[in-house]
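Here the structure comes first, spelled out in structure tokens, and everything after it is commentary.
The values are calculated or read from the model by the stated rules, or taken from the named source; none is laboratory data. This structure is a prediction, so every number in the text was calculated from the model and none was measured. Note that each Cβ is placed from the backbone with ideal geometry, even for glycine, and that neighbours are counted across all protein chains shown. Side chains are part of the model used for accessible areas, which takes the heavy atoms of the whole protein and leaves out ligands, DNA and RNA. Shrake-Rupley method; radii C 1.70, N 1.55, O 1.52, S 1.80 Å.
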Amino acid sequence: MDNTQSLEVKYPQVKDLMNETPIFWKNPDYGQPAELPFSKADIFDAVARWDRFAPFIEAAFPETARMHGVIESPLIELTKMKSAWNQAQPTALAGSLYLKTDSELPISGSIKSRGGIYEVLKFAEHVAMTKGDLKETDNYAILRSPEYKQLFAQYGVMVASTGNLALSVGIAASTFGFKTTVYMSRDAKAWKKAKLRVNGVNVVELDTDFSSVIPQARQAAAEDPSIHFIDDEGSADLFIGYAVAAVRLQQQFKQQGIKVDRDHPVIVYLPAGVGGSPSGVTFGLKTIIGPYIHAIFCEPTHVPSVTLGMMTKLNNAISVFDIGLDGKTAADGLAVGRPSRIAGKMMRTLLFGSVTFEDPMIYKYEAQLMDTENITVEPSAAAGFTAIERAITEVPAFNTANATHIVWATGGSMMPESERLVDHDKGEALL
């Protein structure tokens, strides 16, 4: 019996993954006690760092002036979308439906504005404190001075990405003055590469998948001690940067009167690629908000890397290519064949479960969101909608009037109009 057959016997849903059949996987270890390498203190350390950098961010990125340098996205109730969704589904959604619009986050227009920019900020602070004379009590707007620009120009920042992480890291790092290089896989959109180059970023294009690109970028960075490599497969700083979202979301719950308790469950649907950003957010949600908020990851049937890794408990030791999948999807941000080193281990007891979807579904929901709420997201950011029907039918406790469902829209506001129209037409044909 080969390894694949062995996995099929031990974990029957692996067969469905191999057959590209959409599934709902419920994590058998959810809610069990576990020792985690991160804590609430790590999250609030990151919150404090974001606060210190707010004057710099406000000065460097005028689009953040209204929020005084705070990078955050609205939480929007989707009353029209819920009505349209219910008309088209066999099971009506009883609870409230919201969109967490990380698609509107400033600077890079995606969830990567959280982790990617945060790691750049932390590196810049380290350089400014160890090689310059920055103090935590300073006004960080001073980091825009010519002296600091000259200092930062002596260092480099490098990252590998399918698109959105590249935008956040590239734009932020080049704004500081770091020599910035981005390695991109064949899945990356042309408009994202063009935007990076306009911002002075060196874009290295490789005709291969993301899992093959990242080792090459990591090796290139290792050859130069002045370069900081942002590792999407295992960065603790990226992870904690994403976790800060939970602190902000808790504040939005209070502002909007959203309850979270045993009788008022909150279900959050997060698209997953390498798994770093949804895992960081989920860690934050469980740590800050508590046991009655439940995260469900959403992945393409052709690239269910986190689901496969967690289901088999092999985590990053297994790739979707190992079970015969091609790793191809229209959801460029989710086109990652092997999960991060952090995702599965951290999510073993924190993730409720996951859902896999067929690509046409994301175009359908992308178009429906535009038609009903006039909100633009990119295809991968509509992935959360694909999981609602399975979640409420598989878990009846999630389909009560007191439940709140939040689809996490991970990107899209920077999409060119031409791309948006093409995607919308694809989705309209399915409605």
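Result for the chain in a Gaussian network model with C-alpha springs under 10 Å: among K100, K179, K313, the largest mean-square fluctuation is at K313. For N19, put the label point 7 Å out on the Cα→Cβ axis and report which residues of the range 299-314 keep their amide N under 18 Å from it. Residues 301-304, 308 fall inside that zone. Per residue of the chain, the DSSP helices (runs of n ≥ 4 H) give a summed -39500 (n - 2.57) that works out to -13000 deg cm²/dmol at 222 nm. The amide H of V157, built 1.01 Å from its N in the peptide plane, has K179, T180, T181, H228 as neighbours under 5 Å, considering only residues 5 or more places off or on other chains. Summary of the geometry: the range 90-127 and the range 299-316, compared by the centres of their Cα atoms, lie 22 Å apart.
Calculate the FRET efficiency for T208 and K259 from the Cβ-Cβ distance with a Förster distance of 41 Å, rounded to the nearest 0.05. Efficiency, from the Cβ-Cβ distance: 0.30.
Could you please state, rounded to a whole Å, how far the C-alpha centre of the range 139-187 is from the C-alpha centre of the range 217-285? Result: 20 Å between the Cα centres. The modelled label-to-label distance between D29 and D45, using points 7 Å beyond Cα along the C-beta direction, is 2.4 nm.
For V244, no residue 5 or more places off, or on another chain, has a built amide H under 5 Å of its own. Which of the aspartates and glutamates could a cross-linker bridge to K26, judged by Cα under 15 Å and excluding same-chain residues fewer than eight apart? In chain and number order, the partners are D16, E299, E389, E394. The string of couplings for the range 19-35 from the Karplus curve (6.51, -1.76, 1.60, θ = phi - 60°) is 8, 6, 8, x, 9, 10, 10, 9, 5, x, 9, 4, x, 6, x, 7, 8 Hz, one whole number per residue in order, with x for Gly and Pro.
In order along the range 260-275, the phi-based Karplus estimate (6.51 cos²θ - 1.76 cosθ + 1.60, θ = phi - 60°) of 3J(HN,Hα) comes to 9, 7, 4, 8, 10, x, 10, 10, 10, 10, 10, x, 10, x, 6, x Hz; Gly and Pro are listed as x.
Whole number in Å², please: accessible area per residue of the chain, 1.4 Å probe, ligands, DNA and RNA not counted.
38
Within the accessible area of the range 1-127, the carbon and sulfur atoms contribute 52%, probe 1.4 Å, all protein chains present.
Peptides 320-327, 377-384 ranked from most to least packed give 377-384, 320-327, packing being the mean of other C-beta atoms within 10 angstrom over each peptide's residues. As a length-normalised measure over Cα pairs under 8 Å and 6 or more apart, the relative contact order of the chain settles at 21 percent. Determine the distance separating the Cα centre of the range 338-413 from the Cα centre of the range 1-60; give it in Å without decimals. Spelled out, the Cα-based centre of one part sits 14 Å from the other. Peptides 164-176, 268-280 ranked from most to least packed, by the mean per-residue count of other Cβ atoms within 10 Å: 268-280, 164-176. In sequence order, the range 66-74 has phi-based couplings of 4, 9, 6, x, 8, 9, 8, 10, x Hz under the Karplus curve 6.51 cos²θ - 1.76 cosθ + 1.60, θ = phi - 60°, and Gly or Pro positions carry x. If the segment from L36 to H126 were pulled out straight at 0.36 nm per residue, it would be longer than the present Cα-Cα gap by 29.9 nm. Shown for the range 250-379: the carbon plus sulfur share of the solvent-accessible area, taken with all protein chains present and a 1.4 angstrom probe, equals 47%. Taking packing as the residue-averaged number of other Cβ atoms within 10 angstrom, the listed peptides 411-419, 113-121 run from highest to lowest as 113-121, 411-419.
Fully extending the segment from Q150 to K135, taken as 0.36 nm per residue of separation minus the present Cα-Cα distance, adds 3.6 nm.
Spacing of the modelled spin labels on S6 and Q216, each 7 Å from Cα toward Cβ, amounts to 3.2 nm. Amide H contacts of V204: V182, Y183, M184, each under 5 Å away and 5 or more positions distant or on a separate chain (H built 1.01 Å from N in the peptide plane; Pro and chain starts excluded). Considering the zone a paramagnetic label at V70 would reach in this model (a point 7 Å from Cα along the Cα-to-Cβ line), which residues of the range 121-161 have amide N under 18 Å from it? Flagged as within label range: 140. Once the C-beta distance of R197 and E417 is scaled by a Förster radius of 25 Å, the resulting FRET efficiency is 0.80 to the nearest 0.05.
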